[in-house]
Amino acid sequence: MYLALTMAVAPAANMSDHRFIAAMDHSGGSTGGVLERYGQAYTEEDKMEKVHAMRLRMVNSPDFNDKNIWGAILYQDTVTRGMVNILDEKGIDTFLKIDSGCNEDGTLKQFPVKQMLEWATNGIGPKIYGTKMRSIVKSVDMVEPVLKQQFTIAQTISEYGLVPIIEPEVPIDHPDKEEIEDTLMSLLEIYLHGKDFNVILKLTPPETPNLYHNLTVFPNVERVVFLSGGYSTNEACNRLGLNDNVSASFSRALSEGLRYDLTDEDFNAKMSSNIKQITKASE
């Protein structure tokens, strides 16, 4: 059963705001790996409940607050469990993961866009600021098909009053990573030009520092954020720190070192360490 939500009315963020976006949108396919790194046993029947409990523990840690974190990306299952209310009370905006994964070529699988957006914007309930869609750019030739699909859907998202996070992820171990990133930069400038809606760009940290700097000054780009992409917290933060006017939207790097059997004191200390390191790198 769908939970009705209302649109957020928070003002747009800006590049001088170095708070980051916590990526907590693991869906069914990636949940097992999250729980394994967390050190918790699970079954197919209870894994969503257990990963939700992990997220609650993270969100309720003292340094998970609006001084450090601007937004959090959630999966639909997490939204229906009331997480948005907690974030709203903390002054943290919510983004809803709306895609259903990727095709073999890295483009988005077909999913009910308007149905998801109706669900996210109609009725009385918590606030949703925006959405997130993740594609994977597997070759230079796929940069344009990925961006064309993302921006087409982003236009529809904007018509519902939401801000889309466009995420064309370049795998960190791709042998042509630098060439793909150069092409991505050139085409992003073309696709952003003249658009009458705002977006947030979520990108892989580039091999060339400040490659994406020009994107941060586009009037319709609210933020440029970097994903961690499988890098360790240290490596992700080091790469982030080499780039100006960008902040983080980390998932694995945010939860690195968290374990199910940690005491609350030790868990909160590790969360605090990760958050402070990410915030520092975003300055």
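The values are calculated or read from the model by the stated rules, or taken from the named source; none is laboratory data. Fair warning: this is a prediction, and the values are worked out from it, not measured in the lab. Quick reminder, even Gly has a Cβ in these numbers, built from the backbone with ideal geometry, and neighbours come from all protein chains shown.
Working only within segment 16-60, note down all residues that are of a type in the set (A, V, I, L, M) and not in a helix (DSSP H, G or I).
Listed by number, the residues that qualify are I21, A22, A23, M24, A41.
Show the residue pairs that are 6+ apart or on different chains and have beta-carbon atoms under 6 Å apart, the first residue being within segment 81-99 and modelled with pLDDT of 90 or more, the second being of a type in the set (K, R).
D88/K127; F95/K132; K97/K132
Scan segment 120-128 and give yes if some residue there is modelled with pLDDT under 95, surrounded by 20 or more Cβ atoms within 10 Å (Cβ to Cβ) and under 27 Å from S273 (Cβ atoms), otherwise no.
For segment 120-128, residues modelled with pLDDT under 95, surrounded by 20 or more Cβ atoms within 10 Å (Cβ to Cβ) and under 27 Å from S273 (Cβ atoms): absent.
I need a count of the residues in segment 55-77 that are surrounded by 15 or more Cβ atoms within 10 Å (Cβ to Cβ) and within 15 Å of I21 (Cβ to Cβ).
Qualifying residue count, segment 55-77: 12.
Go through (1) touching a residue at least 60 places away in the same chain (Cβ under 8 Å); (2) on the phi < 0 side of the Ramachandran plot for N245 and report which single condition fails.
(2) is the only condition that N245 fails.
Checking the structure you have, find out if any residue of segment 173-189 is in contact with a Phe, Trp or Tyr (Cβ under 8 Å, 6 or more places away or on another chain), in a strand (DSSP E or B) and either on the phi > 0 side of the Ramachandran plot or crowded, with 16+ Cβ neighbours inside 10 Å (or both).
So far as segment 173-189 goes, no, none of its residues is in contact with a Phe, Trp or Tyr (Cβ under 8 Å, 6 or more places away or on another chain), in a strand (DSSP E or B) and either on the phi > 0 side of the Ramachandran plot or crowded, with 16+ Cβ neighbours inside 10 Å (or both).
Whether any residue in segment 256-263 is within 30 Å of N198 (Cα to Cα), modelled with pLDDT of 95 or more and surrounded by 15 or more Cβ atoms within 10 Å (Cβ to Cβ) is what I want to check.
No, every residue in segment 256-263 fails to be within 30 Å of N198 (Cα to Cα), modelled with pLDDT of 95 or more and surrounded by 15 or more Cβ atoms within 10 Å (Cβ to Cβ).
When only residues in segment 194-244 that are part of a loop (DSSP other than H, G, I, E, B) and acidic (D, E) count, which is surrounded by the most Cβ atoms within 10 Å (Cβ to Cβ)?
E207
Which of the residues spanning segment 247-265 are part of a helix (DSSP H, G or I) and acidic (D, E)?
Residues satisfying the conditions are D264, E265.
Of all residues in segment 229-259, which are among the acidic types (D, E) and more than 17 Å from Q40 (Cβ to Cβ)?
Those that are among the acidic types (D, E) and more than 17 Å from Q40 (Cβ to Cβ): E235, D244.
Results for (1) hydrophobic (A, V, I, L, M, F, W, C); (2) modelled with pLDDT under 95; (3) in contact with a helix residue (DSSP H, G or I) (Cβ under 8 Å, 6 or more places away or on another chain), shown as yes or no for each residue.
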position: V224; (1), (2), (3): yes, no, yes
position: S232; (1), (2), (3): no, yes, yes
position: N268; (1), (2), (3): no, no, no
position: Q277; (1), (2), (3): no, no, yes
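Go through (1) in contact with a helix residue (DSSP H, G or I) (Cβ under 7 Å, 6 or more places away or on another chain); (2) buried (at least 21 other Cβ atoms within 10 Å of the Cβ); (3) of a type outside the set (D, E) for V113 and report which single condition fails.
Every listed condition holds for V113 apart from (2).
For segment 98-139, what are the residues that are closer than 12 Å to E167 by Cα and of a type in the set (S, T, N, Q)?
Those that are closer than 12 Å to E167 by Cα and of a type in the set (S, T, N, Q): T107, T131, S135.
What residue, among those in segment 129-146 that are of a type in the set (A, V, I, L, M, F, W, C) and more than 20 Å from V225 (Cα to Cα), is surrounded by the most Cβ atoms within 10 Å (Cβ to Cβ)?
M142
Does S255 meet the test of being touching a residue at least 60 places away in the same chain (Cβ under 8 Å), touching a Lys or Arg at 6+ places or on another chain (Cβ under 9 Å) and farther than 24 Å from I153 by Cα? It would help to see each step written out before you state the result.
Details: touching a residue at least 60 places away in the same chain (Cβ under 8 Å): yes; touching a Lys or Arg at 6+ places or on another chain (Cβ under 9 Å): yes; farther than 24 Å from I153 by Cα: yes.
Taking the combined requirement at face value, the residue satisfies it.
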